[in-house]
1. Which members of region 128-176 meet the condition of being open to solvent by 20 Å² or more (accessible area, probe 1.4 Å), assigned to a helix (DSSP H, G or I) and β-branched (Val, Ile, Thr)?
2. LEU241: crowded, with 17+ Cβ neighbours inside 10 Å, away from the ligand (no atom under 16 Å from the Cβ) and not in a helix (DSSP H, G or I), yes or no?
3. Return a yes/no flag: does region 222-237 have any residue that is touching a helix residue (DSSP H, G or I) at 6+ places or on another chain (Cβ under 7 Å), surrounded by 11 or more Cβ atoms within 10 Å (Cβ to Cβ) and among the acidic types (Asp, Glu).
4. When region 205-221 is examined, which residues are found to be more than 10 Å from the ligand (Cβ to nearest atom) and surrounded by 15 or more Cβ atoms within 10 Å (Cβ to Cβ)?
5. Within region 111-119, is even one residue within 17 Å of the chain's Cα centre (by Cα) and open to solvent by less than 10 Å² (accessible area, probe 1.4 Å)?
6. Considering each of GLY190, GLY202 in turn, give the residue that is assigned to a helix (DSSP H, G or I), surrounded by fewer than 12 Cβ atoms within 10 Å (Cβ to Cβ) and within 16 Å of the ligand (Cβ to nearest atom).
7. Could you please find all residues in region 93-109 being in a helix (DSSP H, G or I) and of a type in the set (Asp, Glu)?
8. With ARG89, ARG100 as the choices, which residue is more than 23 Å from SER28 (Cβ to Cβ), modelled with pLDDT of 95 or more and either small (Gly, Ala, Ser) or surrounded by 17 or more Cβ atoms within 10 Å (Cβ to Cβ) (or both)?
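The values are calculated or read from the model by the stated rules, or taken from the named source; none is laboratory data. Every value quoted in this text rests on a predicted model; they were computed, and no experiment measured them. No Cβ is skipped: glycine too gets one built from the backbone with ideal geometry, and neighbour counts run over all protein chains shown. Remember, those area values only see protein heavy atoms, side chains included, never the ligands or the DNA or RNA. Shrake-Rupley method; radii C 1.70, N 1.55, O 1.52, S 1.80 Å.
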Amino acid sequence: MADPDELRERILSWYDEHARDLPWRDPSASAWAVLVSEVMLQQTPVARVLPVYEQWLEAWPTPADLAAVPTGAAVRAWGRLGYPRRALRLHAAAVAIVERHEGRVPDTYEALLALPGVGDYTAAAVASFAYRRSHVVLDTNVRRVLSRVVAAVEHPARTVTRAERDLATGLLPADGSTAAAWAVGTMELGAVVCVASGPRCGRCPVADLCAWRAAGYPAYDGPPRRGQTYDGTDRQCRGRLLQVLRECEGPVHRGTLDAAWPAAAQRDRCLLWLVEDGLVARVSDETYALP
Ligand code: SF4
């Protein structure tokens, strides 16, 4: 395995020089801004997140501001970011922050994890990036980089394994600020250089330390990876129905939703899912609206 000190040193220096200038990385970004960005960035590229993030923080600069509006306002502002349940999760977290923490985003991993809709990754990321606490932050990009550099495997397992967590814990700097820089640096390397397909090894600061490269890039032979298909899926259908509701101020007649997605059985199933999930409210037998 590559020398851990050397690995950390190279990635930290590379990040120092190549980090993208993003608003949630600014030292002035509040813990709330970091939490909002982390939820929005899950499975969504930076370019799509940026405009929604900025509008969101302008409308709701603190958890109390978001907690004071109906959930429908959050769903509307989520726009086309995808996976809109995240808007409801953020709203629920804002309410809990107001009720349990006097409106201040808590500063420990445990208290963050206890917020509704906040999982291990988000709790660790906010504790690390907003409060400079030393935590293992394992997102897809970090996992891919470590898997390639250390384990000589092109893609990590579908879910985080014990071995991966132990490896990441062993590499974690003890000092909180350095740990935060290490986490975000590894994340950035995975996002812009060690990308999922077609890694740019010629621009990689740890190319000569990379076990997967040294082994001659052995082909991935693990279980099939999740596809990225979107067209025609329930997810696309739900997105289309929500878009219609977002674009109207008041309740929308069923016929308008029918026109937005022609496949009736799929449309009915998706509408029911949206209602059951709290993303859409059934106003009458024939009309629907954002909650
Ligand atoms: S050398 Fe290539 S595969 Fe290895 S970490 Fe760098 S970009 Fe990724």
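1. Correct list: THR140, THR169.
2. Values: crowded, with 17+ Cβ neighbours inside 10 Å: yes; away from the ligand (no atom under 16 Å from the Cβ): yes; not in a helix (DSSP H, G or I): no.
No; evaluated as a whole, the condition is false for this residue.
3. So the first thing to find is which residues in region 222-237 are touching a helix residue (DSSP H, G or I) at 6+ places or on another chain (Cβ under 7 Å), and the list is 230, 234, 237.
With surrounded by 11 or more Cβ atoms within 10 Å (Cβ to Cβ) added as a condition, the list becomes 234, 237.
Narrowing further to those that are among the acidic types (Asp, Glu): 234.
Among the residues of region 222-237, at least one is touching a helix residue (DSSP H, G or I) at 6+ places or on another chain (Cβ under 7 Å), surrounded by 11 or more Cβ atoms within 10 Å (Cβ to Cβ) and among the acidic types (Asp, Glu), which makes the answer yes.
4. Passing the criteria: none in range.
5. Yes, region 111-119 contains at least one residue that is within 17 Å of the chain's Cα centre (by Cα) and open to solvent by less than 10 Å² (accessible area, probe 1.4 Å).
6. Working: GLY190 fails: surrounded by fewer than 12 Cβ atoms within 10 Å (Cβ to Cβ).
Step by step, each of GLY190, GLY202 is checked, and only GLY202 is assigned to a helix (DSSP H, G or I), surrounded by fewer than 12 Cβ atoms within 10 Å (Cβ to Cβ) and within 16 Å of the ligand (Cβ to nearest atom).
7. Taking region 93-109 as the starting set, the residues that turn out to be in a helix (DSSP H, G or I) are 93-101, 109.
The answer is GLU99, and nothing else.
8. Working: ARG100 fails: either small (Gly, Ala, Ser) or surrounded by 17 or more Cβ atoms within 10 Å (Cβ to Cβ) (or both).
From the options ARG89, ARG100, the qualifying one is ARG89.
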